[in-house]
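Since every read-out is calculated from the coordinates, none of them should be taken as a lab result. Predicted model only: the values in this text are computed from it and were never measured. Every residue, glycine among them, receives a Cβ derived from its backbone with ideal geometry; neighbour counts consider all protein chains shown.
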Amino acid sequence: MPPRRRLPPLLLLLLAALCPAAIALRHGPSAIAVVGGGIGGSAAAYFLRQKFGPGVRLHVLEKAALGGRLHTLDVEGAAYEAGGAVIHPLNLHMKHFVKELGLSVASSQGSLAGVYNGEEFVFEESSWSFINLLKLLWYYGLNPLRMSMWVEDILDKFMRIYRYQMHEYAFSSNERLLHALGGDDFIQLLNQTIDEAMQRAGFSQKFINEVVCPAMRVNYGQGVTVNGFVGAVSLAGVQSGLWSVKGGNKLVCSGLISSSKAQVIPGTVVSIEPKTRPSPSGDPVKLYQVTYNTSSGLTEDTYDIVLIAAPLGRKMADITFRNFDPPILPFPNPYHQTVTTLVHGRVNASFFGYNDPQAFHFGAIFTTDNPKLFINSLGVVSPVGDTDTGEELPLQSAVWKVFSKEELTKEQLNLLFSSYDSVQVKPWLAYPEYSAPEKFPPIVLHEQLYYLNGLERAASAMEMSAVAARNAALLAFHRWHGRSASIDQEDLHEKLKTEL
Ligand SMILES: Cc1cc2nc3c(=O)[nH]c(=O)nc-3n(C[C@H](O)[C@H](O)[C@H](O)COP(=O)(O)OP(=O)(O)OC[C@H]3O[C@@H](n4cnc5c(N)ncnc54)[C@H](O)[C@@H]3O)c2cc1C
Ligand SMILES: *[C@@H]1O[C@H](CO)[C@@H](O)[C@H](O)[C@H]1NC(C)=O
Ligand SMILES: *[C@@H]1O[C@H](CO)[C@@H](O)[C@H](O)[C@H]1NC(C)=O
Ligand SMILES: *[C@@H]1O[C@H](CO)[C@@H](O)[C@H](O)[C@H]1NC(C)=O
């Protein structure tokens, strides 16, 4: 017990009897740093404040703009999502944030979809849902129905995280977290490609190529070689009920940070080093010295706890870990480039094999894996501030969002669009380059140094960053106070079932 405020011995005994954790009570940390002000970092600041209370000094170090991969681009005076855009109706952390911050929801508008294979459309949606059902049955038999059941089962297991986190359980590794949700089934999904996983589950190759692959391409810019878990997340991402935040998803980040009363420090973190400092009580205090580059040069500050909420890697958060014993070694962490291009213009229907532009009615074009294709997807988008009218978007002259691996050349733009008047381009190191078996970086890099973005290797999404943020905040809290019973509990699902 740190001898700051002495409790009468009897009271102390009573307390200890009532609540075993009271024995382990220790002073809270005095300063915590979060590196990165994207959704992961801002959610971490929010959850850290919740756990550690108002007394701790909380800094969010951000090298660019708050929001990170949540970012809008302006096209003719209106803002459009250029990074993370849609949120699943069962993403409960995101839902909670929006409600808590008093933000509003915009539902994503429907438009007719087609799947293009580079030669022709292999699937064309009709405005009659009955016709679509017949078409799906005709082309793919029961595959679509079985797929929604397959995805539902994975989603159900994933949803267990909310109950675990509500009961404040944390996991010290990404593997343990995922295993606690879906057991060996989840680990197996991460060990194989979505192609293998779905073939084994009995889905047809035609269905995988024409329906599953286009979903991977629009959501993650990659084909069916991605791991089965991100594949399933991607398939959940084409379900109905998707939404986004009115005014822009990044409003959640600035909202969470101001609600957490964290101070935002503009600067690029370049290195982190462990230090020990003598304290008044005699015991040495362990700290992290964080060095960051600002407009006025290199600065440093010390913190008891540091959370890194940005992907580590030479081309991303390039942070040097100095004098750690054992050393923190760089791990392979390849990221996939996806370029977002927003174009205000008219699509060239004949590029897609339509001689009559009037007959071309698609508002969303997905693609199969064909090396000839220079785009992954193409879709009409509406501005982030738009009120939902429930009407279909006009296609004649609209703002289209194109995803591609490389920046589009002028020639390519001239092929895709018969005319256009403005173009905005944003290249991203967007999400991990997925493979199978997927390997995870650690969450605990050192005693009180945590890394959130390893969970992205299971699947990258706003909600995944929020889940990782809540986990890291709980983990930091439990480790600080020696509450090991709340970390890495096995069979949580069964335990919490009987607790109800
Ligand atoms: C084109 C695209 C489309 C997407 N679509 C969706 C979607 O529809 N739905 C969905 O849920 N997800 C989507 N995603 C994924 C989603 O955007 C990300 O998973 C999520 O935003 C990641 O948040 P993060 O906070 O973990 O990381 P980031 O947003 O990358 O935040 C990291 C922050 O750290 C900062 N930083 C980096 N290095 C340093 C340093 N050394 N010092 C200080 N600061 C540093 C960066 O500037 C950045 O602001 C999409 C992503 C892209 C790119
Ligand atoms: C997944 O693969 C790893 C090796 O890459 C192996 O150790 C592990 O047993 C596999 N797990 C399952 C459930 O298949
Ligand atoms: C700090 O930033 C300045 C200006 O951007 C740059 O010239 C310098 O190399 C940076 N220093 C480090 C250590 O990254
Ligand atoms: C449209 O696409 C066709 C077919 O690819 C191409 O020949 C034509 O040049 C494109 N551009 C316009 C403006 O029609």
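Roughly what angle does helix 174-191 make with the longest principal axis of the chain, taking Cα atoms, 0 to 90 degrees, to the nearest 10? Taking the Cα atoms of the chain, the angle to 174-191 is about 30 degrees. With Cα atoms defining each centre, the range 39-101 and the range 205-232 are spaced 27 Å apart in the structure.
Computed from label points 7 Å out along Cα-Cβ, the spacing between Phe351 and Leu298 is 4.8 nm. Charge dipole of the chain (Cα centre as origin; +1 on each Lys and Arg Cβ, -1 on each Asp and Glu Cβ, all else neutral): 1920 debye, rounded to the nearest 20. In percent, rounded to a whole number, the relative contact order of the range 32-157 is 13, using alpha-carbon pairs under 8 Å and six or more apart. This model, with +1 at the C-beta of Lys and Arg and -1 at the C-beta of Asp and Glu, gives the range 359-500 a dipole about its Cα centre of some 340 debye.
Relative to the longest principal axis of the Cα atoms of the chain, helix 129-140 runs at roughly 90 degrees. Taking the range 200-342, how much of its Cα-Cα pair set, in percent, is spaced more than 24 angstrom apart? Roughly 58 percent, once rounded to a whole number.
Charge dipole (Cα centre; +1 on Lys/Arg Cβ, -1 on Asp/Glu Cβ; no other charges) of the range 131-213 amounts to roughly 200 debye.
Residues Met316, Met166, arranged from fewest to most other Cβ atoms within 10 angstrom of their Cβ, appear as Met166, Met316. Available extension along the chain between Leu133 and Leu373 is 83.6 nm, counting 0.36 nm per residue and deducting the alpha carbon span.
A Förster distance of 30 Å, applied to the separation of the beta-carbon atoms of Thr320 and Lys99, puts the FRET efficiency at 0.15. Once both axes come from the Cα atoms, what is the angle between helix 462-480 and the longest principal axis of the chain, in degrees from 0 to 90, rounded to 10? With both axes taken from Cα atoms, the answer is about 10 degrees. Only Cα pairs under 8 Å and 6+ residues apart enter the sum, and on that basis the relative contact order of the range 265-343 stands at 27 percent. The alpha carbons of the chain give a radius of gyration and a Dmax of 24.6, 88 Å, in that order.
Extension gain for the segment Val425 to Leu496, taken as residue separation times 0.36 nm less the Cα-Cα distance, is 20.8 nm to one decimal. Each of Ile257, Ile328, Ile131 has some number of other Cβ atoms within 10 Å of its Cβ, and from fewest to most they run Ile131, Ile328, Ile257. Relative contact order, whole percent, for the chain stands at 26, derived from Cα pairs under 8 Å and 6 or more residues apart. Taking the charge dipole of the range 213-302 about its Cα centre, with +1 at Lys and Arg Cβ atoms and -1 at Asp and Glu Cβ atoms, the residue from Val290, Gly241, Ile257 reaching farthest to the positive side is Gly241.
For Thr299, Thr338, the sequence from fewest to most other C-beta atoms within 10 Å is Thr299, Thr338. Here the chain carries DSSP beta bridges of which approximately 70% are antiparallel, counting only pairs with both residues inside. Using the Cβ-Cβ distance between His361 and Asn191 with R0 set to 41 Å, the FRET efficiency works out to roughly 0.50. Entry note, the chain: the mean residue ellipticity at 222 nm calculated from DSSP H runs of n ≥ 4, each adding -39500 (n - 2.57), is -9500 deg cm²/dmol after division by the residues and rounding to the nearest 500. For the peptides 451-464, 270-283, the ranking by packing is 451-464, 270-283, with the highest mean count of neighbouring Cβ atoms within 10 Å listed first.
How would you classify the range 75-152 from its alpha-carbon gyration tensor, with a ≥ b ≥ c the square roots of the eigenvalues: rounded for a/c under 1.5, else prolate if a/b is greater than b/c, otherwise oblate? In terms of gyration-tensor shape, oblate.
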